[in-house]
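Taking it in order: structure first as C-alpha cells, then the write-up.
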Amino acid sequence: MTETLTWQMLRDLRTSEFTQAGDKWHEVSSRSASDRGRVDGAMSAKLRETQESDAAEAALGRLRRLSRNFQYAHTECGLIRTALNGLAGDLAEPQKQLKQALADAASLNFTVHEDGSVSYPAAKVEDLTGAKQEAPGGSSRGSSRLLLDPPGLGPTGQPSLYPGYSRFKPVNPNAEKAQDVADRIAGAVRSAREIDARYAKTLNGLRAEKGLDVTAATLKDVARDTADVRSTAGMHLAEGIPQDKDPAERKKWWDGLTDEQQQEYLKVAPDLIGDLDGIPAVVRDEANRSYLPVLIDDLARQGGDEAQTKLNALRMIQDKLSGSSHPPMYLLGIGDEGNGRAIVSYGNPDTSRNVSAYVPGLGTKLDKDFVDGTMKRAQDTALGAQEVDPSTASIVWLGYDAPQSADVMSKGDAQRGAPAYNEFMAGLSATNGNGDPHVTAIGHSYGSLTVGTAAKEAGGIPGVDDVILLGSPGVDAQKATELGVGKEHVFVGAADNDPVTHLPTKGESYLGSSVGWVLGGPEGARTANDLFDVGNDDVYFGKDPASEAFGAQRFEVDDGPRMVLEAGKFDAHSQYFDPEKDRKSADNIANIVGGRPEALVREEHR
C-alpha cells in the first residue's frame, strides 16, 4: 500500500492477506525457536558434556552465535506477524465505513467517481410559491477540513450559499446527502492512509541488513523494535481485551486464544494483561516481569522525588525476583499510578488450596518500607500457613491508594479501593484450579476498613470464606454479620497497646478525648468516652471489632510495647504478622489462613 491509496483500493482490499502473511512469518518464528532449542540442548549441551578442548570451545562459540541468530529471527518474525495482524485489524474499520458509504450512495442512486466525488440526480422541489420546480443535479467532494464555521453561516456571518443546512431550504435535497457520503468516503480513505503510513514505518524498521551479524548489541535493539510495534499495533491488541467483562469472562477469553495470540500479548503488550483480573497467575507474573524494566526506565526519565521513591522500590522488587524466594514470588500487578501499585503473591494462588489476600493500610505506598516490611508480612503469613497446610499462598494487595496522613479520617480511599479489591478476588476465584479453595481476606489498619467496605458490597467479597481484621480502627459496621461470611468466620487481632484500635469516635475526638487517650492511655480515655459511647465499644469507623457487641472471634495477640509519645512510635500496631515479635498473633493468623481455625488461641472481647 502507498500514499496514493484510493477508495477503490480500500474497497477491494483483502485484509485476510495480511493475516495470512503473518501466519507465514509465525511459521518462520516458530521454526527459529525450535531450531534454537535444538542448538542449545541437543548440540551445545552435549558438546559441553563430552568435549574439553580448544576446538570444542571454538565450536561452542559458533553455536552460541547461531543460537543468537535463531533468537533474533524468532523475535523479529514474531513482531512482523503482530504488526501485520494489527494492520489488518486497524484497516477493517475504515474499510467498513467506506463500504457503508458506497452502499448508501447506491441506494440513493448516486454515482461515486474515481476521484471520490459523488454526483446526485436532479429532483423536483417547491419554490416559495409552492410551485414544483426541477432542481438540477450536481456533484459533492469530500472535505479534508474540519467545519469551523457555524452551520449555515460562512466566515463573514452572512448566509452561506452551501446547500444542505437546516436553516435554508436546499436547492436540491440530494445535495446534503451526497456531501455526507462524499465526506465519509474521504474520511475513510484518510484514515486508511494514516494507518498504512504508520505501519509501513514500523515494518520498515524491522527490516534487517543482509548478512547481519546478530550480536548482544543487536539483541538490545529488539526492545526498541518491540516498543515500535507496541506503539503501532497496541490499539489493535487492546481492543481485543474484554475489559468490560467480569474476571470469569476474561479467563474464558484468554483460554480461547491460541498460543501464538497469547505470546503476542506477552511479548508486545505485557502491561495490558499483567494486572488483568481473570488471567492466570503464571501469565500475569511473566507479563509483569517483562513490563517491570520498561516501567523502571519510564520512571528513571521522569525525575522528581516521587518518581525516585517508586523507582527505588521497583528496583528492589526486581532484585528480589531475580533471586531465590521461599515460597516463590509471583508478581501479579505493578504500576506507578497514584502512590504506586504492587500485588505480590508468595506461592501460586492458582494451585493452592488456601489463599489469603492482605490489604495494607495507613502510610503504605510503593517505597522501600513496602518492599522491606509490607511484603515481608505476606511472606511471613505464607511461611506460617504452609506449616499448617503446604498448599497455601499469601498475597499482599496494594491495588489502591492507602491514606498517607490526615486522609486516614476519611472513608474515601476505602470506598475507592473496595471495588478493585473485589474484582481482584473474583479473579482469584476464576483462576484457582481447586474446586472450592479456602480464601481469607486480611485487612490491617486502614486496610481493614477497605476489606470491610468490600465485604459490605452487593454479594460480598467473591470467594471469601474467612475475614481477618488486624489493628483495626473499625470497618464501618456495627456487627460482624454485616461482613457476609458469618460472625464465626470473622477474626480479630487487637493489641491493647495498639492506639489505632482505640481511636475515639468523631464526637469524642471533637471534645479532645483523643488527646486524653494519648496522655493517659486507653483506660484513661474511657471515662471521657462514656459521654458519647455508652458501651465503651465504639471506635472511629463504627463498632470496635474486638468488642463483644461486634460479635467477631477475637484471638490472642501480644499486647506489644506501650506507645512512646516523644518518639511517635507505636510498634504494637506493626507486629501482628511478625513471628519474632508476636508469635501468638502470627500463629493464629497461620491457623486461620491454613484452614485450621479450631487451633486458635482465643482472647476475651473488650
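The values are calculated or read from the model by the stated rules, or taken from the named source; none is laboratory data. Quick caveat, the model's predicted, so the values are computed rather than measured. All Cβ positions, even for glycine, are placed from backbone atoms using ideal geometry, and neighbour counts span all protein chains on display.
Things to note:
- Restricting Ala430, Ala455 to those that are in the same structural domain as Val344 (by TED's automatic domain parsing) and within 21 Å of Lys479 (Cβ to Cβ) reduces the list to Ala455.
- Evaluation of Ala313 against the conditions (1) under 28 Å from Val475 (Cα atoms); (2) aliphatic (A, V, I, L, M); (3) modelled with pLDDT of 95 or more shows that the sole unmet condition is (1).
- Just one of the numbered conditions (1) touching a residue at least 60 places away in the same chain (Cβ under 8 Å); (2) of a type outside the set (Lys, Arg); (3) touching a helix residue (DSSP H, G or I) at 6+ places or on another chain (Cβ under 9 Å) is not true of Ala418: (1).
- Residue ID - modelled with the lowest pLDDT, chosen from residues in region 484-503 that are surrounded by fewer than 24 Cβ atoms within 10 Å (Cβ to Cβ) and part of a loop (DSSP other than H, G, I, E, B): Leu503
- Test: residue in region 570-590 that is under 41 Å from the mean Cα position of the chain (by Cα) and modelled with pLDDT under 75: yes
- Within region 372-392, considering residues that are among the hydrophobic types (A, V, I, L, M, F, W, C) and closer than 15 Å to Ser574 by Cα, the one surrounded by the most Cβ atoms within 10 Å (Cβ to Cβ): Ala378
- Qualifying residue in region 290-305 (condition: in a helix (DSSP H, G or I) and basic (Lys, Arg)): yes
- Looking only at residues in region 276-310 that are of a type in the set (Lys, Arg) and within 25 Å of Glu423 (Cα to Cα), the one that is modelled with the lowest pLDDT is Arg289.
- Taken over region 269-321, the criterion of being touching a residue at least 40 places away in the same chain (Cβ under 8 Å), in contact with a strand residue (DSSP E or B) (Cβ under 8 Å, 6 or more places away or on another chain) and hydrophobic (A, V, I, L, M, F, W, C) is satisfied by Ala281, Val282, Leu292, Leu295, Ala313, Leu314, Ile317.
- Verdict on Ala248 being at pLDDT below 95, more than 17 Å from Asn85 (Cβ to Cβ) and in a helix (DSSP H, G or I): no
- Selection of region 571-597 for residues being among the basic types (Lys, Arg) and either touching a Phe, Trp or Tyr at 6+ places or on another chain (Cβ under 7 Å) or within 16 Å of Ser394 (Cβ to Cβ) (or both) yields only Arg596.
- Cross-chain or 6+ apart pairs with Cβ under 6 Å, region 247-258 first and under 11 Å from Thr431 (Cα atoms), then acidic (Asp, Glu) and surrounded by 20 or more Cβ atoms within 10 Å (Cβ to Cβ): Pro247/Asp277
- Identification of helices (runs of 4 or more DSSP H) wholly contained in region 1-97 with 3 or more residues that are surrounded by 12 or more Cβ atoms within 10 Å (Cβ to Cβ) and on the phi < 0 side of the Ramachandran plot yields 7-12, 16-38.
- Close contacts from region 356-370, counting a first residue that is buried (at least 24 other Cβ atoms within 10 Å of the Cβ) and modelled with pLDDT under 95 and a second that is in a strand (DSSP E or B) and not charged (D, E, K, R), with Cβ to Cβ under 7 Å and a gap of 6+ residues or different chains, come to Gly361/His444.
- You will find that of Phe550, Phe532, the residue that is modelled with pLDDT under 55, in a loop (DSSP other than H, G, I, E, B) and not hydroxyl-bearing (Ser, Thr, Tyr) is Phe532 and no other.
- Residue that is surrounded by the fewest Cβ atoms within 10 Å (Cβ to Cβ), among those in region 579-600 that are part of a loop (DSSP other than H, G, I, E, B) and out of contact with any helix residue (DSSP H, G or I) (no Cβ under 6 Å at 6 or more places or on another chain): Glu580
- With respect to the conditions (1) buried (at least 20 other Cβ atoms within 10 Å of the Cβ); (2) in contact with a His (Cβ under 7 Å, 6 or more places away or on another chain), Glu260 falls short on a single one, namely (1).
- Pairs, first farther than 14 Å from Ser140 by Cβ in region 113-124, second loosely packed, with under 15 Cβ neighbours inside 10 Å and of a type in the set (Asp, Glu), C-beta under 7 Å, six or more apart: Ala122/Glu134; Lys124/Glu134
Residues checked against (1) of a type in the set (Ser, Thr, Tyr); (2) under 30 Å from Arg190 (Cα atoms):
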| residue | (1), (2) |
| --- | --- |
| Thr6 | yes, yes |
| Arg11 | no, yes |
| Val39 | no, no |
| Met43 | no, no |
| Lys99 | no, yes |
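- When region 313-345 is filtered for residues that are part of a helix (DSSP H, G or I), among the polar types (S, T, N, Q) and surrounded by 15 or more Cβ atoms within 10 Å (Cβ to Cβ), only Gln318 remains.
- Cβ separations smaller than 7 Å between residues 6+ apart or across chains give the following pairs from region 28-54 residues that are under 19 Å from Thr75 (Cβ atoms) to residues that are of a type in the set (Phe, Trp, Tyr) and in a helix (DSSP H, G or I): Ser32/Phe70; Asp35/Phe70; Arg36/Phe70; Val39/Phe70.
- Test: residue in region 162-173 that is in contact with a Phe, Trp or Tyr (Cβ under 8 Å, 6 or more places away or on another chain), in the same structural domain as Ala233 (by TED's automatic domain parsing), modelled with pLDDT of 85 or more and within 30 Å of Met9 (Cβ to Cβ): no
- When residues in region 1-28 are screened for being small (Gly, Ala, Ser), modelled with pLDDT of 90 or more and closer than 18 Å to Asn204 by Cα, 1 of them pass.
- If you check Thr364, Thr351 for being among the hydroxyl-bearing types (Ser, Thr, Tyr), over 21 Å from the mean Cα position of the chain (by Cα) and assigned by TED's automatic domain parsing to the domain that holds Ser410, only one passes: Thr351.
- Top-ranked residue in region 251-274 [being of a type in the set (A, V, I, L, M) and outside any loop (DSSP other than H, G, I, E, B); ranked as nearest to Gly22 (Cα to Cα)]: Val268
- Beta carbons closer than 9 Å, at least 6 apart along the sequence or on distinct chains, pair a first residue in region 475-497 that is free of Cβ contacts under 8 Å to residues at least 24 places away in the same chain with a second that is surrounded by 15 or more Cβ atoms within 10 Å (Cβ to Cβ) and of a type outside the set (Lys, Arg) for Gly486/Ala480.
- Residue that is nearest to the chain's Cα centre (by Cα), among those in region 98-123 that are of a type in the set (D, E, K, R) and either under 24 Å from Glu194 (Cα atoms) or buried (at least 23 other Cβ atoms within 10 Å of the Cβ) (or both): Lys99
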